[in-house]
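S.K.: Take a look at this one; I'll ask things after.
Laboratory data are not the source of any read-out in this text; all were calculated from the coordinates shown. Everything numeric here is computed off the predicted structure, so don't read it as measured data. For neighbour counting, all protein chains shown are included, and Cβ atoms are generated from backbone atoms with ideal geometry for every residue, glycine included.
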Amino acid sequence: MGLAEYRKKRRFAVTPEPAGGKKRRRARSLLYVVQKHRASRLHYDFRLEWKGVLLSWAVPKGPSLDPAVKRLAVAVEDHPLEYASFEGVIPAGEYGGGTVMVWDRGTWTPEVPDVDAALQKGELKFTLQGEKLAGSWVLVRTRSAPGGTGPGWLLIKHRDGAVSTDVITTTEPRSAASGRLLAEIAWHEGGDVAKAASADPPGEIRKLIAEPSLVRQRRRGKRAVWHSSRPAR
Ligand code: MN
């Protein structure tokens with residue numbers, strides 16, 4: 001159908017109605033995601049949508065809510081926007097092989113008028129609206145990362161109402177997308193369960209071993225519903 005009939009009936013030099021179909025993207029919030037990634041080493045991939053891609057940093061120890069704790073963040077290659085919802089297993093032997101969890105997700109808002117200039121200058125202040133991380137943060141570039149793996153930055157929480165000394169990577173270990181631990185994702189997706197479990201809090205794994213019925217059921221497709229209340233036969 002398209003908009004042909006809609007347009008034929010209207011004179012857009014006269015009516016204030018939109019003609020539609022302009023390439024201008026509907027204004028919306030910028031995506032933010034943190035992916036917990038048990039590759040050769042555990043790290044947290046911190047990603048911010050900017051200009052059609054996800055700017056990405058690998059944070060070995062993950063974010064901290066304590067403003068006194070500065071976390072190394074190594075700049076890595078931009079990722080496609082679609083990557084923000086990826087949770088699963090990268091096959092062993094492939095680049096980044098291992099288990100990936102959507103640890104946190106939401107939106108971000110720059111606190112600077114010019115993001116490109118801030119990135120160039122090496123100091124980007126922003127606000128997160130995630131399910132786990134919130135409030136004001138800053139990424140500050142340092143001279144270079146240990147090991148020379150890429151440009152080194154520090155991810156630091158600003159003082160505000162969202163600070164805490166709780167270790168959120170331990171207290172909130174599950175997927176924001178599926179509620180699963182890394183071990184459960186690996187189990188469902190055919191990954192290395194023991195390797196994935198090594199990056200989950202040991203207490204959570206002990207609970208699953210003690211009570212295997214707590215292991216999350218695999219959801220079949222995006223619209224699948226949970227049947228955990230269905231009586232077993
Ligand atoms: Mn990664």
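S.K.: If packing is taken as the average count of other Cβ atoms within 10 Å, what order do 163-175, 62-74 fall into, highest mean first?
M.R.: Averaged packing, sorted descending, gives the order 62-74, 163-175.
S.K.: Please rank 50, 137, fewest neighbouring Cβ atoms within 10 Å first, as an exposure proxy.
M.R.: Ordered from fewest to most neighbouring Cβ atoms within 10 Å, 50, 137 come out as 50, 137.
S.K.: Figure the gain on full extension for residue 140 and residue 210 (residue separation times 0.36 nm, minus the Cα-Cα span) and round it to one decimal in nm.
M.R.: 20.8 nm
S.K.: Obtain the nm distance between the two label points defined at residue 170 and residue 53 by a simple spin-label model: each point lies 7 Å from its Cα along the Cα-to-C-beta direction.
M.R.: Each label point lies 7 Å from its Cα, and together they span 3.7 nm.
S.K.: Would you mind ranking 213, 198 by Cβ crowding within 10 Å, fewest neighbours first?
M.R.: Sorted ascending by nearby Cβ count, the order is 213, 198.
S.K.: Among 107-119, 34-46, how do they line up from the highest to the lowest mean number of other beta-carbon atoms within 10 Å?
M.R.: Top to bottom by mean Cβ count within 10 Å: 34-46, 107-119.
S.K.: Where does each of 180, 218, 159, 105 land when they are ranked from fewest to most other beta-carbon atoms within 10 angstrom?
M.R.: Going from sparsest to densest Cβ surroundings: 159, 218, 105, 180.
S.K.: Let me check I've understood the local charge: for residue 167, count other residues with C-beta under 11 angstrom from its C-beta, Lys and Arg +1, Asp and Glu -1. What total comes out?
M.R.: Local charge sum for residue 167: -2.
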